[in-house]
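The values are calculated or read from the model by the stated rules, or taken from the named source; none is laboratory data. It should be emphasised that the depicted structure is a prediction, and the values quoted were computed from it without experimental measurement. Positions of Cβ are backbone-derived with ideal geometry, glycine not excepted, and every protein chain shown enters the neighbour counts. In case anyone asks, the SASA skips ligands and DNA or RNA and just uses the protein heavy atoms, side chains included. Shrake-Rupley method; radii C 1.70, N 1.55, O 1.52, S 1.80 Å.
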Amino acid sequence: MAGRSRTREWVDRWDPEDETFWAETGAKVARRNLLFSILSEHIGFSIWTLWSVMVLFMGPEYGIDPAGKFFLVSMATLVGAFARVPYTFAVAVFGGRNWTVISASMLLVPAIAAFVVMEPGTSYSTFMVCAALTGVGGGNFASSMTNINSFFPMRKKGWALGLNAGGGNIGVPVIQLVALAVIGMSGGPRVLLGIYIPLILVSALCAALFMDNLASVKNDTGAARDAAKDAHTWIMAFLYVGTFGSFIGYSFAFGLVLQTQFGRTPLQAAGVTFIGPLLGSLIRPVGGRLADRFGGARITLWNFVAMGAATSVVILASVQKSLALFTVAFIVVFVLSGLGNGSTYKMIPGIFHNKALGLGLTGEEAAAYGRRLSGASMGLIGAVGALGGLGINLAFRQSFQTAGTGTGAFVSFLVFYAVCFAVTWAVYLRRTAARAEAAPAAEAKPQLSYAEV
């Protein structure tokens, strides 16, 4: 049995690859933890992207120009990216349930700070500090994904990780929708914060009551070292910059771009801003499911092709100053970034499981090896991916400062997607095919093709 104590603290035995164990007890426990992990991560994303909403409330009376606003939201992205590294390993130190309670409770700090300072006359440096504090919400993603990765068997990781991440990502459009309602009712930013502070308390309480720690997830500093030494960790981090970096960077910047380049009012911007993050979040589990079926590398490869095509249309619309075409194409890029988020994250456990099989490991031994390195690598990959969001906002800031338009930034993003396509093909598709053709069948090791990860 799952061996859970009466206080729901620790699960002593966990073997999700054992189909009997999974059917009798594992699936129920894993799904319950997934549900409340999604809730906590959802609130975390909302708080992390809080200042993408706050800047819509900051009119001329605040004395902050568009470049200053882009820099403000960049600070939140930067801190959130770096927070993901320690958050990844906190699960092994404190336990998944325990850390979820702690990390959810920590969201009160940036929410209350913003509630206190959000008014004209507050210094820009104070706003910067408050934006930096929201980075703890970005860290929640890493610990949540690492925790859920340990609960599910390999055959279900793509869907489970996609649901967990998609449910968290959807916190971005939800807070934007709530902000739209608040602005529409002529309410101020403190009304928005007054809604979210109780929700933070609810998510922490639910984690305490309904989640579990896995005793098998031990603090393993060696895993972090081994993951950092593995080239695949950094290759996947680079690809994740193209998918998640795009998603979170555009989530922060979309409203500001509409206001700055197309002269939209706060209400007009808020009425459109949420659509891209919403659709991108909803489709992330689909990206994971497609990767489960067709292989993450294949889905990721063609997704970058589609992202490049959609970005080309965005550039055309930006040059022609067509708001309708720009908005539609930008939303398509959002959708594709969400799809790519699901497929790239499915690749991570597959790659390390593939390496375990290549080393001659089998069964639970191979699965344990894969869980160990994939869990450790997720924090590094997530952190670097989130830094892509920082790069996007800084690129927009520079583009608007020098040319008064975001076209230059979009051109740089198009080039980056082309490089991501080339890397995916060269590392996970071309090389695999070449090896398969060169190696005699008798010498082939029992490993998956990288195209299948």
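Computed over the chain, relative contact order equals 24 percent, with contacts defined as Cα pairs under 8 Å that lie 6+ residues apart.
From the alpha carbon centroid of the stretch 44-95 to that of the stretch 98-163 is 9 Å.
Each residue was assigned an accessible area with a 1.4 Å probe, and for Val419 the value is about 60 Å². On the basis of the beta-carbon distance and an R0 of 60 Å, Val117 and Glu365 show a calculated FRET efficiency of 0.65. Heavy-atom accessible surface of the chain, averaged per residue, reaches 37 Å², computed with a 1.4 Å probe.
When Rg and Dmax of the Cα atoms in Å is calculated for this entry, the matching label among (i) 28.9, 110; (ii) 22.7, 71; (iii) 21.7, 74 is (iii). Sorting Glu41, Glu17 by accessible area puts them as Glu17, Glu41; the probe is 1.4 Å, largest comes first, and only protein heavy atoms count. Of the accessible area of the stretch 195-294, computed with a 1.4 Å probe over protein heavy atoms only, carbon and sulfur atoms account for 69 percent.
How high is the FRET efficiency between Ala231 and Ser186 when r is their beta carbon distance and R₀ equals 51 Å, given to the nearest 0.05? Computed FRET efficiency for Ala231 and Ser186: 0.40. Under the shape rule built on the C-alpha gyration tensor, where the axes satisfy a ≥ b ≥ c, the stretch 144-257 is oblate, since a/c reaches at least 1.5 while a/b does not exceed b/c.
For the chain, the number of Lys pairs separated by eight or more positions or lying on different chains, with C-alpha atoms closer than 25 Å, is 23.
Peptides 202-208, 76-82, 335-341 ranked from most to least packed by the mean count of surrounding Cβ atoms within 10 Å: 335-341, 76-82, 202-208. Ordering of 49-60, 183-194 by packing is 49-60, 183-194, highest average first (other Cβ atoms within 10 Å, averaged per residue).
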